Every structure is written in structure tokens, then in C-alpha cells.
Amino acid sequence: MAQENDRIIASNRLARRNYELFDTWEAGLVLQGSEVKSLREAKVQISEAFGRAEGGQLWLVGLHISPYRNSGNEAFGHDPDRQKKLLLHRREISRITDRLDRDGLTLVPLSLYFKNGRAKIEVALARGRATYDKRHALAKRDAERETQRAMGRQRKGL
């Protein structure tokens, strides 16, 4: 969902390999001031994060935002591993929580970026892949890439 003019801070490249992705949403994040400053410096780790539904709200757990280096006092800093609330419409939250409970899916973050000055995160409903599924997906992608190359060579007349 990130557009060309959006500044991508972090992306979870392993999510596309380790999970079979279904639906994606763009969500806002409730952040503290020092967290936003750390995000602007790209001091974030997104690979271990996942979403959790509690009390009719969605929370992002495991998103590590390093403390801002210029916040001279520890009292004004933030907890790097605190849960972050995801901002979505009520209908979207109910749809996501229903699928999480009913289908046994996981809410996985794909990318974190700034859009019009606001931090946004792209999340997806996903199901974990087994090792043989990962190999199968990799082989399928390689085969498609090779056919595209062959078609390109044929078009060029080589």
C-alpha cells in the first residue's frame, strides 16, 4: 500500500517467504514523541512483530523501536518493546478479529512507512508455511522468472 512518495522505514521481507498472505490493510500507530523521532532515524526492527486482538482493539506486539539517542533524560524516553495500538476502522477490526479467531490466522506486519507525515504500517492476515511449502513457492517463483526471461529473449530475437 505504500506509494512512491511515501518513505519506507522498515520492511518485513521474511514475511512473504514464511507466510501465505491473504488480506492487507494500512493501519495507523499510536506512538509517543520519542518513538516518532526514532522512526525518522529508521531505528526499528519489524521482523519479530505480530498483531494481537484484545478487548475489541488490535495491538502490535514485538515491534522494537530503539530509544531516541538525543533524549538526554531517561524519564522522557520510551519503552522500546511496549505494545503499540493499531488504528483501524471498527468494521475492519471486527473483520480481522473474526478471521483471526475463526481461521486461526496471524496478523503480520509487512512494512512501516511515513505517509503525509504520519507513521503507517501495512499489516496482513497470514498463515505460516511449512518448510516444503517455502521450497515449493521458491521453485515456482524461479520457474516464472525463467519463463519471463525466455519470452524476453524470444521477443528480442536472440
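The values are calculated or read from the model by the stated rules, or taken from the named source; none is laboratory data. No experiment lies behind these values; they were computed from the predicted model shown. Glycine gets a Cβ as well: all are built from the backbone with ideal geometry, and neighbour counts include every protein chain shown. Calculation scope for accessible area: heavy atoms of the full protein, side chains included, ligands and nucleic acids excluded. Shrake-Rupley method; radii C 1.70, N 1.55, O 1.52, S 1.80 Å.
Taken about its Cα centre, segment 66-158 carries a charge dipole of about 560 debye when Lys and Arg each add +1 at the Cβ and Asp and Glu each add -1 at the Cβ. Look at the dipole of segment 1-121 built from charges on Cβ: of SER38, GLY62, ILE96, the Cα furthest out on the positive end belongs to SER38. Along the axis of the charge dipole computed for the chain (Cβ charges of +1 for Lys and Arg, -1 for Asp and Glu, origin at the Cα centre), the listed residues SER11, TYR132, GLN148 are led at the positive end by GLN148. A simple charge model with +1 on the Cβ of Lys and Arg, -1 on the Cβ of Asp and Glu and nothing else charged puts the dipole of the chain at about 700 debye relative to its Cα centre. Summarising the amide proton neighbourhood of ARG129: residues at separation of 5 or more, or on other chains, whose placed amide H is nearer than 5 Å comprise TYR19, GLU20.
Sequentially through segment 132-142, phi angles give Karplus couplings (6.51, -1.76, 1.60; θ = phi - 60°) of 5, 5, 5, 5, 5, 5, 5, 5, 5, 5, 5 Hz, Gly and Pro residues having no value and appearing as x. Averaged over its residues, the chain has an accessible area of 65 Å² per residue, based on protein heavy atoms and a 1.4 Å probe.
Summarising the amide proton neighbourhood of ASP23: residues at separation of 5 or more, or on other chains, whose placed amide H is nearer than 5 Å comprise LEU125. Our summary gives segment 10-158 a relative contact order of 31 percent, counting only alpha carbon pairs under 8 angstrom and 6 or more residues apart. In this structure, the amide hydrogen of ILE9, modeled 1.01 Å from its nitrogen in the peptide plane, lies closer than 5 angstrom to those of LEU112, TYR113, PHE114, counting only residues at least 5 positions away or on a different chain.
Exposed loop sites here mean GluC sites (Glu not before Pro) with a DSSP loop assignment and at most 15 other beta-carbon atoms within 10 Å; the chain contains its longest site-free run at 49-158. Once the Cα atoms are used to define both axes, helix 90-103 deviates from the longest principal axis of the chain by about 60 degrees.
The trypsin sites (Lys or Arg not before Pro) of segment 54-158 that meet both conditions, a loop assignment by DSSP and at most 16 other Cβ atoms within 10 Å of the site Cβ, are ARG69, ARG82, ARG129. Split the accessible area of the chain by element, probe 1.4 Å, and carbon with sulfur accounts for 45%. The residues neighbouring LYS120, those whose beta-carbon lies less than 11 Å from its own, together hold a net charge of 0 under the Lys/Arg +1, Asp/Glu -1 convention.
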